[in-house]
1. Does Glu126 meet the test of being surrounded by fewer than 21 Cβ atoms within 10 Å (Cβ to Cβ), under 25 Å from Thr5 (Cβ atoms) and either of a type in the set (S, T, N, Q) or at pLDDT below 95 (or both)?
2. Report yes if Ser257 is over 29 Å from Ala195 (Cα atoms), polar (S, T, N, Q), out of contact with any strand residue (DSSP E or B) (no Cβ under 6 Å at 6 or more places or on another chain) and outside the structural domain of Gly111 (by TED's automatic domain parsing), otherwise no.
3. Going by the structure shown, is Leu158 of a type outside the set (Val, Ile, Thr), under 30 Å from Gln213 (Cα atoms) and in a strand (DSSP E or B)?
4. Go through (1) within 22 Å of the chain's Cα centre (by Cα); (2) within 20 Å of Leu121 (Cα to Cα) and name the single condition Arg30 misses.
5. Kindly list the number of the only condition in (1) surrounded by fewer than 22 Cβ atoms within 10 Å (Cβ to Cβ); (2) out of contact with any helix residue (DSSP H, G or I) (no Cβ under 6 Å at 6 or more places or on another chain) that fails for Gly112.
6. I'd like to know if the stretch 64-85 contains one or more residues that are buried (at least 22 other Cβ atoms within 10 Å of the Cβ), at positive phi and either outside the structural domain of Ala207 (by TED's automatic domain parsing) or over 16 Å from the mean Cα position of the chain (by Cα) (or both).
7. In the stretch 162-206, which residue that is of a type in the set (A, V, I, L, M, F, W, C), part of a loop (DSSP other than H, G, I, E, B) and within 15 Å of Met33 (Cα to Cα) is modelled with the lowest pLDDT?
8. Output the number of residues of the stretch 20-76 satisfying the condition of being in contact with a strand residue (DSSP E or B) (Cβ under 6 Å, 6 or more places away or on another chain), assigned to a loop (DSSP other than H, G, I, E, B) and of a type in the set (Gly, Ala, Ser).
Amino acid sequence: MNTITRFAYAKINLTLDVGQRRPDGYHEIRSVMQTIKLHDMVSIALDPVPGVHLTVTGDEAFGVPVDETNLIHKAAVRLQKIASAHGTLAGSESGLQIVLNKCIPSQAGLGGGSSDAASTLLAVNELFGLMLSITRLSEIGAALGADVPFFLTGGTALAEGLGEHITPLLPLTPNWPLVIMKPNIGISTAAAYAALDGNPNRSTGGAAQRWLQDRQTLSNDFETVILPAYPEVAAAYKLLSQTAEAGESFKPLLCGSGAALFLRASSNESAGRIAEGIRAAGIGKVWVTETLSIGSKE
């Protein structure tokens, strides 16, 4: 049986500017997004049994749904419908057997679900021989989740609008060593945006524009509401700050809408030492990784 396996890389937001809530309930963003090497793995094979059959394994599998609420399932069904409409599939080839090895934590702001969906779109497109362009897959992906279009190409990019307008940027070279820390809580995207909307004094920082000018400015609008509202995240931020070694030039920053944070380390060795210090504190999970110049198409 032909099986296609793809890495589904996580991301961090180097900058994240969030506009005011629109009448339709959505928020426009402007964000410099960056793929990192921490990844899930999605393996997909044709199945003679119709439907989508999803299995989840791995360190972060607990609580991940395997039904139609999972973005992988939604992405696969969408392409199944397109393939059926185009007459691409025979009846014995209509099913999909999907195995997700989950290593990216959920409700962390790392985009794991969206990355899984993007990798699914790419893999099923190839498996069914649909030959849909990245532009078309981005249109499909945008209806699934705001971050999905970014993950179809990955790397370093400016995301605008609801996240569907992607402009590739020069990659970070050399790769940045990173420490990712997630406290023992999760923050839903909806809760994070609700907290942001509940702050009457908030203002968008314009950090994306500054990054385009200096490639040094790291900023996230969610920090003004997430750190005060979630003591566990504030404690993780403090621990990362205290554990950072002399010479680290950046402060910790929230990953997306949280609950994870990242710290740029001065070297891989330094990142390893920082991670060991965090593990010793026992207040969350930690990963040592680095930025990646290309994304899920690898």
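1. Numbers: surrounded by fewer than 21 Cβ atoms within 10 Å (Cβ to Cβ): yes; under 25 Å from Thr5 (Cβ atoms): yes; either of a type in the set (S, T, N, Q) or at pLDDT below 95 (or both): yes.
It is true that Glu126 is surrounded by fewer than 21 Cβ atoms within 10 Å (Cβ to Cβ), under 25 Å from Thr5 (Cβ atoms) and either of a type in the set (S, T, N, Q) or at pLDDT below 95 (or both).
2. Numbers: over 29 Å from Ala195 (Cα atoms): no; polar (S, T, N, Q): yes; out of contact with any strand residue (DSSP E or B) (no Cβ under 6 Å at 6 or more places or on another chain): yes; outside the structural domain of Gly111 (by TED's automatic domain parsing): yes.
Taking the combined requirement at face value, the residue does not satisfy it.
3. Details: of a type outside the set (Val, Ile, Thr): yes; under 30 Å from Gln213 (Cα atoms): yes; in a strand (DSSP E or B): yes.
Yes, satisfied.
4. The failed condition is (2).
5. Here Gly112 clears every test but (1).
6. no
7. Filtering first and then ranking leaves Leu162.
8. Qualifying residue count, the stretch 20-76: 1.
The values are calculated or read from the model by the stated rules, or taken from the named source; none is laboratory data. Just so you know, these numbers come straight off a predicted model, no measurement behind them. Quick reminder, even Gly has a Cβ in these numbers, built from the backbone with ideal geometry, and neighbours come from all protein chains shown.
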